[in-house]
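First up is the structure itself, then whatever we jot down about it.
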Amino acid sequence: MKQMALDIGLHSVPSLESFFAGPNTAALQHLKLWTAAQMPSPVPTYLWGESGSGKSHLLQAAHAALKSHGLSVGWLDAHTSLHVPFDESWTAVLMDDVHLFNLEQQAMAFNWFVNALTPKSGLPRWVLAAGALPPADLKLRDDLRSRLGWGHVYALQVLNDSERRAVLRQEADSRGLFLSDDVMTYMLTRFSRDLSSLMSLLDHLDQFALQTQRAITIPLIKSMLESS
């Protein structure tokens, strides 16, 4: 059965608090401790896992947490098209989807890496990166690949269906919403199954149910989609 992607204008901001860790508790606690302490780190952190494991959520959440403290952060992903020189004011360097970096982006990532860990002034900056593969399997230049793998490395696991249901139930309960088993099954079989998409869908349902003064049912979901 083909799953539908939901993109009708409402997106929640990723946060460390909203991330359901499940089997990824160690990685989440590591990021929470570092972003709370805001301490320089000579050791990089690398997260890897398949699509839907939460890599981008965690990087965006760490970025938001640092920015909320008024800190300057360097960000590089596969969509970065312009050369951006390393900024000495950065507290951290974050790199997402490193497995997709082209040669120019790899060169920029290596430059940022070297400057972050051996700065001309001040203390080392934290480097947090994420990719779809373990460091040894990345098709990147050798010097960048080796640096991504010598620090903290966490393999993220995709949540299973029972864990996804637990997340949906927990989030719905926190909003005072009731989700029947049939509704959750419909959400998990008809829409993208990654947590970010499911939380976005729940945001929409919460808002639409409030507007229409109706309980969340399968007919309500269909009605919401028809009205979007």
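The values are calculated or read from the model by the stated rules, or taken from the named source; none is laboratory data. Remember, predicted model here, so these are calculated numbers, not experimental data. Counting neighbours? That spans all protein chains shown, and the Cβs are built from the backbone with ideal geometry, glycine included. Heads up: the accessible areas ignore ligands, DNA and RNA and are worked out on the full protein's heavy atoms, side chains in. Shrake-Rupley method; radii C 1.70, N 1.55, O 1.52, S 1.80 Å.
Quick look at the numbers
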item: Test for Arg141: is it touching a helix residue (DSSP H, G or I) at 6+ places or on another chain (Cβ under 9 Å) and in contact (Cβ under 8 Å) with a residue 60 or more places away in the chain; result: no
item: Region 98-131, subset under 16 Å from the mean Cα position of the chain (by Cα) and open to solvent by less than 40 Å² (accessible area, probe 1.4 Å), residue nearest to Ala62 (Cα to Cα); result: Leu128
item: Output for region 138-190, where each listed residue is at pLDDT below 95, hydroxyl-bearing (Ser, Thr, Tyr) and under 20 Å from Thr25 (Cα atoms); result: Ser162
item: Out of Leu210, Leu177, Leu188, sole residue that is surrounded by 14 or more Cβ atoms within 10 Å (Cβ to Cβ), of a type in the set (A, V, I, L, M, F, W, C) and assigned to a helix (DSSP H, G or I); result: Leu188
item: Looking only at region 22-51, and only at residues there that are part of a loop (DSSP other than H, G, I, E, B) and crowded, with 19+ Cβ neighbours inside 10 Å, the one that is modelled with the lowest pLDDT; result: Ser41
item: Yes/no for Leu201 being in contact with a strand residue (DSSP E or B) (Cβ under 6 Å, 6 or more places away or on another chain) and either within 24 Å of Ala61 (Cα to Cα) or of a type in the set (Asp, Glu) (or both); result: yes
item: Residue among Val158, Val183, Val167 that is part of a loop (DSSP other than H, G, I, E, B) and β-branched (Val, Ile, Thr); result: Val158
item: Tabulated pairs, region 26-37, first in contact (Cβ under 8 Å) with a residue 12 or more places away in the chain, second buried (at least 17 other Cβ atoms within 10 Å of the Cβ) and among the hydroxyl-bearing types (Ser, Thr, Tyr), C-beta under 6 angstrom, 6+ apart or interchain; result: Ala27/Tyr154
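Residues are listed down the side, and each one gets a yes or a no for (1) open to solvent by 40 Å² or more (accessible area, probe 1.4 Å); (2) of a type in the set (S, T, N, Q); (3) touching an Asp or Glu at 6+ places or on another chain (Cβ under 9 Å):
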| site | (1), (2), (3) |
| --- | --- |
| Ala136 | yes, no, no |
| Ser146 | yes, yes, no |
| Ala155 | yes, no, no |
| Asn160 | yes, yes, no |
| Val183 | no, no, no |
| Ser200 | no, yes, yes |
